[in-house]
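The values are calculated or read from the model by the stated rules, or taken from the named source; none is laboratory data. Everything numeric here is computed off the predicted structure, so don't read it as measured data. Here the Cβ positions follow ideal geometry from the backbone for every residue, glycine too, while neighbour counts run over all protein chains shown.
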Amino acid sequence: MIFATPDRVTALTPAYAGERGADGRPRVSDDILARMKLVTNDEAWGVLERGHNYHFQFEGNWTNLHPERVLVGRAVTARYVPIRPDLNDAVQAVGDAEGRSGGQNTWIIDQLQEGDVLVVDLFGKIEDGTFIGDNLGTAIHARAKTGLVVDGGIRDLERVYELPDFNVFCRGVHPSAIWEVTLVAVNEPVRIGGATVLPGDVVLGTREGVTFVPPHLAEAVVSRSEDVRQRDVFGKRRIAEGVYTSGQIDVSVWADPIEADYAAWVAQDENAR
């Protein structure tokens, strides 16, 4: 079986206690996804690395088609290996028995839902490792309305680049078609460079790189980011007013009187709203 069962996905993600999709993946809310678009990789890293000991959730050094666009969504994971004929025959037989058509890459794309981000482990292959061209890129755009993260290549760069509100993180581009690889797992753990990704992780792709946020920590990440941004507004305002010096504000932990002033400022702002 290539596609993990819902029970298997649930067993792989026991820390998440919220809503799940029909395939068993954690379904972080649309509200959290919308708020995640304002989070930086640095803010996410601070929560995951320093706060919860998740050391392998960020991967950089991509070919990023649209650095100006932020990619956010729920991960659908896929893993490929270099082709071995007997294994490929067995995988193809499974797909045929399940009524799947087209190339093995289309099997995954056909399952995508709005808000999904396909995360593909293609072991860094670029030539003959082009997971999508413009047709399959269009299909992902139509179904998921997000983008793609592939530790491999893509083709038809100019046409994929033209897709609106869509982004791709890949290792490179090449005019060849995907060849001599076999799909061995969907919605199982995958390795993307130095990061470990599970189905249902929240993908946060920015100019800097991609962070894969465990779903049970997604709310903590966005809440921390919002607090950081709010503190930044407060700190700059108080410096401009001459209340505090930059040295008092630009520290990791504020002194108790500043912290109390900040709490009062937040409460006043909330009352005003």
Q: Among the candidates 60, 133, 147, single out the residue that is modelled with pLDDT of 95 or more and in contact with a Lys or Arg (Cβ under 7 Å, 6 or more places away or on another chain).
A: 133
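Within region 1-39, which residues are part of a helix (DSSP H, G or I), of a type outside the set (Lys, Arg) and in contact with a helix residue (DSSP H, G or I) (Cβ under 6 Å, 6 or more places away or on another chain)? Don't jump to the end; show me each part of the working.
Of all residues in region 1-39, those part of a helix (DSSP H, G or I) come to 6-12, 30-36.
Now drop any that are not of a type outside the set (Lys, Arg), which leaves 6-7, 9-12, 30-34, 36.
Scanning region 1-39 gives 32, 36.
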Q: Those residues that are more than 13 Å from residue 199 (Cβ to Cβ), touching a Leu at 6+ places or on another chain (Cβ under 9 Å) and crowded, with 18+ Cβ neighbours inside 10 Å, I need them from region 11-43; list them, please.
A: 36, 39, 41
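Report the residue count in region 190-219 for those that are among the polar types (S, T, N, Q) and either touching a strand residue (DSSP E or B) at 6+ places or on another chain (Cβ under 6 Å) or modelled with pLDDT under 95 (or both).
Total meeting the criteria: 1.
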Q) If we only count strands (runs of 3 or more DSSP E) wholly inside region 174-221, which ones have 2 or more residues that are within 16 Å of residue 37 (Cβ to Cβ)? A) 202-206, 209-213
Q | Lone qualifier among 191, 237 - being of a type in the set (Lys, Arg) and either closer than 30 Å to residue 255 by Cβ or outside the structural domain of residue 39 (by TED's automatic domain parsing) (or both) | A | 237
Q | Where residue 229 falls short, out of the listed (1) over 24 Å from residue 71 (Cα atoms); (2) surrounded by fewer than 17 Cβ atoms within 10 Å (Cβ to Cβ); (3) in contact (Cβ under 8 Å) with a residue 12 or more places away in the chain; (4) not assigned by TED's automatic domain parsing to the domain that holds residue 80 | A | (1)
Q. Taking region 156-175 only, how many residues are under 17 Å from residue 105 (Cα atoms), touching a helix residue (DSSP H, G or I) at 6+ places or on another chain (Cβ under 9 Å) and surrounded by 21 or more Cβ atoms within 10 Å (Cβ to Cβ)?
A. 2
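Being modelled with pLDDT of 95 or more and buried (at least 24 other Cβ atoms within 10 Å of the Cβ) narrows it down to one of 83, 140, 126, so name that one. Step through it out loud before you land on a result.
Details: 83 fails: buried (at least 24 other Cβ atoms within 10 Å of the Cβ); 126 fails: buried (at least 24 other Cβ atoms within 10 Å of the Cβ).
140 is the lone residue from the list that is modelled with pLDDT of 95 or more and buried (at least 24 other Cβ atoms within 10 Å of the Cβ).
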Q | Subset tally (residues that are surrounded by fewer than 18 Cβ atoms within 10 Å (Cβ to Cβ), of a type outside the set (S, T, N, Q) and under 13 Å from residue 132 (Cβ atoms)) for region 88-109 | A | 2
